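The values are calculated or read from the model by the stated rules, or taken from the named source; none is laboratory data. Owing to the predicted nature of the structure, the values given are computational and were not obtained by experimental measurement. Backbone-built Cβ (ideal geometry, glycine too); neighbour counts: all protein chains shown. Heavy atoms of the whole protein, side chains included, go into the accessibility calculation; ligands, DNA and RNA do not. Shrake-Rupley method; radii C 1.70, N 1.55, O 1.52, S 1.80 Å.
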Amino acid sequence: MLALLIAFFSQLLIISNGISTSQFFLQQINSENKYLTKEEHWFNQTLDHFSPYDHRTFGQRYYEFLDHFRIPDGPIFLKICGESACSGIPNDYLSVLAKKFGASVVSLEHRYYGKSTPFKSLTTGNLKYLSSKQALFDLAAFRNFYQESLNVKLNRSNIENPWFFFGTSYSGALSAWFRLKFPHLTCGSLASSAVVQAVYSFSEFDKQVGESAGPECKTTLQEITKLVEARLASNPKDVKSLFGADELRNDGDFLYFVADAAVTAFQYGSPDKLCIPLLEAKKSGADLVNAYATYVKDYYVKTFGVSVKTYNQENLKNTVVNGDTSDRLWWFQVCTEVAYFQVAPMNDSIRSSKVDTRYHLDLCRNVFGAGIYPDVDATNLYYGGTKIAGSKIVFTNGSQDPWRHASKQTSSPELPSYIISCHNCGHGTDMRGCPQSPLVPEGDAKNCSSPDAVRRVREKIVEHIDLWLSQCQVSGRSSM
């Protein structure tokens, strides 16, 4: 039996479109167990799904992991890659689910990101095909291609394995929207921390940061913001140098960087790395700006891995495809479709009031040209926002995550929604465990302040997947 399995897998999915792939047994889990596989495969994708005249294509990267696949009728789990380069299939909680359900896992890189770029230059004109709508059709085309390829290898026709879609954050929104727009192509979707509501002026984001910080840490962060603003007014060069952000000549860019560094601690499940040293500095009478700058440089930049140039509008103008172009690409989607402008609330804000709607609109115009702005009303009209009218989509959010206010947090039988509540439950806790970044193998929840809270929601996820897959199998279709 083992010999037959090896023979099957080694022949599986050799693509006939002229773009070569690697055999299954070349896949390796890397030494740190961060990925199930990093072995690249390629698919010829349509550039413009909405034109009957444009037949151009581009190479789109994808990955597959078949270790747990139950031949021939096991489910296929599609993990959607979002707004960054997709370097493989992460070894998060999805690997546990794949083993439980006997599923293969495939993952498609988002168009334009990573190696899946249609053009050699990322001018604003060339970005016209970068949208969530095009991305959804990419997923539909890839899903059908992969199913047909599997059928060929199994010497069968017109057979559908049950499919289930997964995504976190923006890709969580894509997961929900895919089930909404293509219900015949998936049994259901998991929409983890799914930002389905486009928001023009997202002041609730900053408010949640304050709630997640707690009264003492919030007050300290507000004090730091005022001190930084004062130093910026009197000696901008010195304060930017203190934060290692000399290149941010635009004061708005610098203040955005300063605000985002604090957000990350709550969004990704490491609040104590921020609040404990700041409260200790406050108690001892130490310089709060110096204490915060130390956190920014040592944790946010050095450990977490954020580059200061991410916040530099001059860097965002770079149209050359070399290295990581995700910043420019995501800002284009922000500036055309979803906004999520993280502005300071009118009262009691943590971030500087100078990070306002005008700052964001000026960035969009400066980086991409006149006439570029986010039509959030059209986006929410098309998808429904938090009033999405789909079915068999399970929404999950972490209690401390500021992004949850752009997600669906009310539950219904067809669209169940769960909040995972704990001190360090942030963005994508159901899939990533704690902290949410860097990656915890298999999404282990042992370091969450309440592992039981994570376990309970995961049990609900398993129940929904089990039910919806069984309904597909009974109907003999990929969806119902």
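Key figures for this structure:
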quantity: Cβ charges +1 (Lys, Arg) and -1 (Asp, Glu), total dipole of region 322-480, debye; calculated: 100
quantity: With all protein chains modelled, accessible area of HIS423 [1.4 Å, Å²]; calculated: 90
quantity: Helix 251-267 axis, angle to the chain major axis (alpha carbon atoms, nearest 10°); calculated: 60
quantity: Vicinal HN-Hα couplings computed from phi for region 430-440 (Karplus, 6.51 cos²θ - 1.76 cosθ + 1.60; Hz; Gly/Pro x); calculated: 4, 8, 10, x, 9, x, 7, 8, x, 4, 9
quantity: Set of lysines with alpha-carbon distance to LYS297 below 17 Å, sequence-local pairs under 8 removed; calculated: LYS237, LYS240, LYS273, LYS309
quantity: Protection proxy ranking, peptides 192-202, 75-85, 306-316, 371-381, average beta carbon neighbours within 10 Å, highest first; calculated: 192-202, 75-85, 306-316, 371-381
quantity: Intensity falloff of region 112-175 expressed as log10 I(q)/I(0), Debye formula with alpha-carbon point scatterers, at q = 0.15, 0.17, 0.23 Å⁻¹; calculated: -0.65, -0.77, -1.03
quantity: Sparsely packed chymotrypsin sites (Phe, Trp or Tyr not before Pro) within region 207-292, loop by DSSP, other Cβ within 10 Å at most 15; calculated: none
quantity: Region 397-459: trypsin sites (Lys or Arg not before Pro) falling in loop per DSSP and having at most 15 other Cβ within 10 Å; calculated: LYS446
quantity: Carbon/sulfur fraction of accessible area - the chain, other protein chains in place, 1.4 Å, %; calculated: 51
quantity: Amide H contacts of TYR35 (H built 1.01 Å from N, under 5 Å, at least 5 apart or other chain); calculated: ASN30, ASN91
quantity: Whole-number accessible area per residue in Å² for the chain, which is evaluated in the context of all protein chains at 1.4 Å; calculated: 41
quantity: Whichever aspartates and glutamates have a C-alpha closer than 12 Å to that of LYS282, once near sequence neighbours (fewer than 8 apart) are set aside; calculated: GLU216, GLU223
quantity: log₁₀ of I(q)/I(0) at q = 0.06, 0.08, 0.13, 0.14 Å⁻¹ - the chain, Debye sum with one point per alpha carbon; calculated: -0.27, -0.48, -1.27, -1.45
